[in-house]
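The values are calculated or read from the model by the stated rules, or taken from the named source; none is laboratory data. On a predicted model such as this, the values are computed, not experimentally measured, just so you know. Neighbour counts run over all protein chains shown; Cβ positions are idealised from the backbone, glycine included. Accessible surface areas use protein heavy atoms only, side chains included; no ligands, DNA or RNA. Shrake-Rupley method; radii C 1.70, N 1.55, O 1.52, S 1.80 Å.
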Amino acid sequence: MKKKWCVTGAAGFLGSHVVESLLSQGQTVLGIDNLSWGHAKNVEALAKTPGSLFAKIDIRDEEIVHETFAQFQPDYIIHLAALHYIPEAIRNPTLALDINVKGTQSLLKAAREIPYTGFFFASTGDVYEKTDDNNHEQQTPAQPYNIYGLSKLFGEKLMALESQQYPQKKLVCGRIYNLIGPRETNPHIIPEIIKQLKEHPQYLSLGNIWPIRDYVPVNECAKAIIALVQQNSLSLETVNIATGDGQSVEDLIKVLEKLLDKKIETKKDPAKVRSVERARLVADVSKLKKLIGWAPTSRVESIMRELLKDEGLL
């Protein structure tokens, strides 16, 4: 059935893919973004779709958010807006907390005034403690070690409090892992690698290349989010959104060498080495599969091939 959807962070990396997926399904979408990091071109399709629209709004402005929700009356709210580039969050922790915590509370407060069906909050695998095992929602303790993870855990707690006060509402906290794909809007590792390959094709200047991460195709993450917020369970669900497979940055470089058919030298840049580094961040996805019947699949090589083609490197 056709429903009304509100997507915050709509002009961003993940948000643009969520909007794209919803529009392809014939849904009506309100995209919200203040364009601090998102790109206006990522939401151009909204203006071309009858009933859908884009609003340049800062989610911390409670009055504007309240008025916008009251006018649009969304059935589903997918909250992705955040300061989520970890180095920037560490450099500016006050801003990270302001956007990620105050912004979330602003949306939850405004949503109380409308009869919405489901609310999705984008959390992160960074809420977990360091472990060599795959992170499990019930078994792995939440113990973030950077301000970004802490801000998202605080957001989860706001969601839990909301669920206690409004148990009839469907609320989902999705712990999202490292996304890969087109339209990235922050200088994460893969866009940084591709940028450097365009500047100096024979070598890369990076920080640590041994950390293992769960790389999730961004378009599949978008589809999982939409499925999760529509699944039948009520009250609050907290679930990993990931593939369950892990690759190191060194593994990514080997994939690039294979695709480009050449050896790539890696130079260690001390300025890019994080003071605190997590060796492994990979998810257990059994709960996700139970809730929606599937999980994203690891497609690092095929996605890297497409990204290289898009940049004229292949």
Using a 10 Å cut-off on Cβ atoms, rank the peptides 116-123, 266-273 from the highest mean neighbour count down.
116-123, 266-273
Residue by residue through region 156-167, the couplings from Karplus 6.51 cos²θ - 1.76 cosθ + 1.60 with θ = phi - 60°, in Hz, x for Gly and Pro, are 4, 5, 5, 5, 5, 5, 4, 5, 5, 7, 10, x
Using only the heavy atoms of the protein chains and a 1.4 Å probe, how would D251, D75, D261 rank by accessible area, largest first?
D261, D251, D75
Cβ-based net charge around G246, under 13 Å, with every Lys or Arg adding one and every Asp or Glu removing one
-4
Any chance you could check the Cα centroid distance between region 8-60 and region 172-207 for me, in angstrom?
22
R0 = 35 Å: FRET efficiency of K109 with K41, Cβ-based, nearest 0.05?
0.65
Output the peptides 201-208, 158-165 sorted from most to least packed, where packing is the average of other Cβ atoms within 10 Å over each peptide's residues.
158-165, 201-208
Residues whose placed amide H lies under 5 Å from that of T28, excluding near-sequence neighbours
K3, W5
Once amide H atoms are placed 1.01 Å from N in the peptide plane, what residues at a sequence separation of 5 or more from N135, or on another chain, have their amide H within under 5 Å of its amide H?
V282, A283, D284
Using the alpha-carbon centroid of each, what span in Å lies between region 253-314 and region 222-245?
22
If you take the square roots of the eigenvalues of the alpha-carbon gyration tensor of region 159-267 and sort them as a ≥ b ≥ c, do you get rounded (a/c under 1.5), prolate (a/b over b/c) or oblate?
prolate
Taking only Cα atoms of the chain, what ratio of Rg to Rh do you get with Rh as the Kirkwood inverse-distance radius?
0.96
What value, in deg cm²/dmol to 500, does the helix sum -39500 (n - 2.57) over DSSP H runs of n ≥ 4 give at 222 nm once divided by the residues of the chain?
-11000 deg cm²/dmol
Students often forget the sequence filter, so: which aspartates and glutamates lie under 19 Å Cα-Cα from K258 once same-chain residues fewer than 8 apart are removed?
E192, E250, E301, E306, D310, E311
Across every pair of different alpha-carbon atoms, what Kirkwood hydrodynamic radius in Å does region 233-279 reach?
14.5
How many percent of the accessible area of region 73-187 is carbon or sulfur, using a 1.4 Å probe?
50
Filter the cross-link list K102/K170; K195/K309; K195/K272 down to pairs whose alpha-carbon distance in this structure exceeds 18 Å.
K102/K170
Counting only residues 5 or more apart in sequence or on a different chain, those whose built amide H sits under 5 Å from that of N208 are R274
